[in-house]
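The values are calculated or read from the model by the stated rules, or taken from the named source; none is laboratory data. Keep in mind the model is a prediction, meaning the values are calculated, not measured. All Cβ positions, glycine included, derive from the backbone under ideal geometry; neighbour counts span all protein chains shown. The protein model used for the area step is the full one, side chains on, heavy atoms only, and it has no ligands, DNA or RNA in it. Shrake-Rupley method; radii C 1.70, N 1.55, O 1.52, S 1.80 Å.
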Amino acid sequence: MAKYRVLIAYGTKTEFTQAIAEEVAAVLREDGLDVEVRPAAEIVSVGPYDAVVLGGELRANRWHRDARRFARRHSAQLRSRPVWFFSSGTSDASDASKDGGADVPPVPSARRAMNQTGARGHLTVGGRPGRLPRGLFDRGGAARSSAARDLLADHPEMFRVRDWAHHIANEVTGS
């Protein structure tokens, strides 16, 4: 069986969005996929990947600039492969945790990016980025300590993130 390659790119000023990206990556790896997690601003091409997950932090009801630019810059290539988006944090229009875990529609800037790329789905992850300590990850994307991993794992929204990631893995592999 061929191993599918998935890129998880993200735009953020805090580590919460990166934490979500790393959690999605962990689930996809558990499900047998080859995954790379990188900041959206660093990606030159999505050509080597079979699927892409793009995340962006929410601030003032807008999706992070690096995520928007990534979607615009790579829109032609993204339209030719499966793509999913997620938004993290809170904004005027979204805090999924207020709704008992119900998903909140993407903010307008994320919706436009979804339309540009033909994204298959979107997940809004509520919660305030300030709940996670600074320095949660090292430069390689690994959690610095087991306490940091436990804090992340216990975040109420991570259950929804894990379920969503399993859904993505099933779609990518056709399971």
Toy charge model, Lys and Arg Cβ at +1, Asp and Glu Cβ at -1: segment 22-92 dipole around Cα centroid in debye, rounded to 20, equals 600 debye
Under the 7 Å Cα-to-Cβ spin-label approximation, Ser175 and Ala41 lie apart by a distance in nanometres of 3.5 nm
Interchain or sequence-distant (5+) residues whose placed amide H lies within less than 5 Å of the amide H of Val37 are Ile8
For segment 1-95, the per residue accessible area (1.4 Å probe, Å²) is 42 Å²
Residues meeting the amide H criterion for Gly121 (H placed from the backbone, H to H distance under 5 Å, 5 or more places apart or on another chain) are Phe85
Between Glu30 and Arg79, the FRET efficiency computed from the C-beta separation at R0 = 35 Å comes out, to the nearest 0.05, as 0.80
Sorted by chain and then number, the residues having a modelled amide H within less than 5 Å of the amide H of Ser88, at least 5 places away or on another chain, are Gly56, Glu57, Leu58, Val125
